[in-house]
1. Can you give me the Cα centroid spacing of segment 128-167 and segment 57-94 in angstrom?
2. Sort 43-53, 74-84 by the packing proxy (mean of other Cβ within 10 Å over each peptide's residues), most packed first.
3. Say each of Phe98 and Ser147 gets a label point 7 Å from the Cα, pointing the same way as Cα to Cβ; how far apart are those two points in nm?
4. Multiply the residue separation of Ile169 and Leu125 by 0.36 nm, subtract the distance between their alpha-carbon atoms, and state the gained length in nm to one decimal.
5. Between Ala162 and Leu29, what is the label-to-label distance in nm when each label sits 7 Å out along the Cα-to-Cβ direction?
6. Could you give each residue of segment 42-55 its phi-based ³J(HN,Hα) in whole Hz, using Karplus coefficients 6.51, -1.76, 1.60 with θ = phi - 60°, and x for Gly or Pro?
Amino acid sequence: MAIARPNTLTPWCCLVSSALGVVTSILALITFLGIAFNCRILILAIISSWSLSQISNSLILLRRAYLVLYRRKWVAYIGIPLMLASLSCPVAAVFTTFSTLEPGVGCACYYSIEFLWYGTGASVLVNIFFSGIFCYIALKQYRLFRSNAWKRLARDGIQTMAMAAFSNIASRVLMIAPVGHINLDMLLIADRLFVTTILISYCKGMNKSVGTSHRPHTDFVLNLAQTSADESNDPAQSIRA
């Protein structure tokens, strides 16, 4: 998509988000292999990759919401601060967490409960805001055009945003709730990879639907060139002209 539409923001955001998901997975596997890397750098890289991936996904929704809602300023005034709150998570991690290399575990990150609540609030709020905006836009466009293409986009879009929001909220609740021993790194990775995958799948389906939304749904096609030629050869038409 990025090669086919290099001047569009959405394909590049999908590419960055998916690439960051791959990088995060590789870094997480490095910690389990026990390779001699600086634990502090690895932990910060994983948190930064997660934050940038979320920003890329949010930019897709912010751009479409801003354009479809006729460039209303309140969308940017609310969306940008929420995105900046998510982007500041790596900065908060520098001052509120520390990492150690432990036998049998590898890199272990110790964080405060305040950092966990901050990251949870920033992530959940931005996902709820953009998911609600997107669902509203999808329903509004379908009610306006009443076409099968917009019906599919509204249905698939609402399902995609609902799954993304549910995945994010569920992962955050599991992080806060004392439910046994949960590997937070792998939980974040699973959430990011799932959201990235369904967004990319939705973008591909959206491009196909938009590409076929204006095709005529009839077997009767009017050839304007042939019609003009017939009219020019019609004597009665020439006299009336």
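The numbers here are math on the coordinates, done by the rules we state, and not lab data. Quick caveat, the model's predicted, so the values are computed rather than measured. Glycine also receives a Cβ, built like all others from the backbone with ideal geometry; neighbour counts cover every protein chain displayed.
1. 18 Å
2. 43-53, 74-84
3. 6.0 nm
4. The span from Ile169 to Leu125 would gain 14.9 nm if fully extended.
5. 3.5 nm
6. Here the 3J(HN,Hα) series is 4, 5, 5, 5, 5, 5, 5, 4, 4, 5, 5, 5, 5, 5 Hz.
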